[in-house]
Amino acid sequence: MRRRRMHRAVFAAAGAYNVGWGCYAVLDPQWFFRVTGLPLSNSPQIFACLGMVLGLYGLLYFEVARRPEAGWPVAAVGLTGKILGPAGLAWLIATGVWPAGSVVMIVTNDLIWWVPFALYLRDAWPSFRATLTGPAGPGR
């Protein structure tokens, strides 16, 4: 696989970031609301649950770092979320539901990962495709 060492480093960093972010969100689910000036949540458990999910994504990213040839589906789902999250936030900001300052979360959670995840998907596709077809061909 092209750039295998780089992809392993990127996904190890993404794993560490997500686990760290997730743990912090579970321990302090009101941080985002304080930082952005939004009213504190009446149900911080929802943000804590988001932290748990993002932390679990981190474990999946560690697996991609361990075996990059097999990580295409995880990375594809991860990048899809990293695209849809900012789209949803753009809608919340455009409609005035959330302040523009809430962009801080999207920059580090999503935008910085777009290029490395997309590059990985491009480089990993031939390796992953080979696992789908195998020596017996598709569906055999």
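Any residue in region 70-93 that's of a type outside the set (S, T, N, Q): show its pairings with residues that are surrounded by 12 or more Cβ atoms within 10 Å (Cβ to Cβ) and not in a helix (DSSP H, G or I) at Cβ separation under 6 Å, as long as the two are six or more apart or on different chains.
Close Cβ pairs satisfying both conditions: L92/W98.
Answer with yes or no whether L111 is within 17 Å of A16 (Cα to Cα), out of contact with any Gly (no Cβ under 6 Å at 6 or more places or on another chain), part of a helix (DSSP H, G or I) and of a type in the set (A, V, I, L, M). Please lay out each step first, then the result.
Working: within 17 Å of A16 (Cα to Cα): yes; out of contact with any Gly (no Cβ under 6 Å at 6 or more places or on another chain): yes; part of a helix (DSSP H, G or I): yes; of a type in the set (A, V, I, L, M): yes.
Judged against the criteria, L111 is a match.
Quick check on region 45-64: of everything there that is of a type in the set (G, A, S) and in contact with a Gly (Cβ under 6 Å, 6 or more places away or on another chain), which residue is farthest from G78 (Cα to Cα)?
G51
For the condition in a helix (DSSP H, G or I), surrounded by 11 or more Cβ atoms within 10 Å (Cβ to Cβ) and at pLDDT below 85, what is the one hit in S102, S127?
S127
Among the numbered criteria (1) closer than 27 Å to R129 by Cα; (2) surrounded by 16 or more Cβ atoms within 10 Å (Cβ to Cβ); (3) at pLDDT below 95, which one does N109 miss?
So N109 meets the others, but not (1).
Can you tell me which of G15, G37, G22 is small (G, A, S) and closer than 24 Å to L119 by Cα?
Details: G37 fails: closer than 24 Å to L119 by Cα; G22 fails: closer than 24 Å to L119 by Cα.
Among G15, G37, G22, only G15 is small (G, A, S) and closer than 24 Å to L119 by Cα.
Restricting region 62-116 to residues that are under 28 Å from L38 (Cβ atoms) and aromatic (F, W, Y), which is farthest from the chain's Cα centre (by Cα)?
Going through the qualifying residues, I end up with W98.
Count, please, the residues in region 25-35 that happen to be at pLDDT 95 or above and more than 12 Å from M105 (Cβ to Cβ).
5
The values are calculated or read from the model by the stated rules, or taken from the named source; none is laboratory data. Since this is a predicted model, take the numbers as computed values, not measurements. Heads up, the Cβs are rebuilt from the backbone with ideal geometry, glycines too, and the neighbour counts pull from every protein chain shown.
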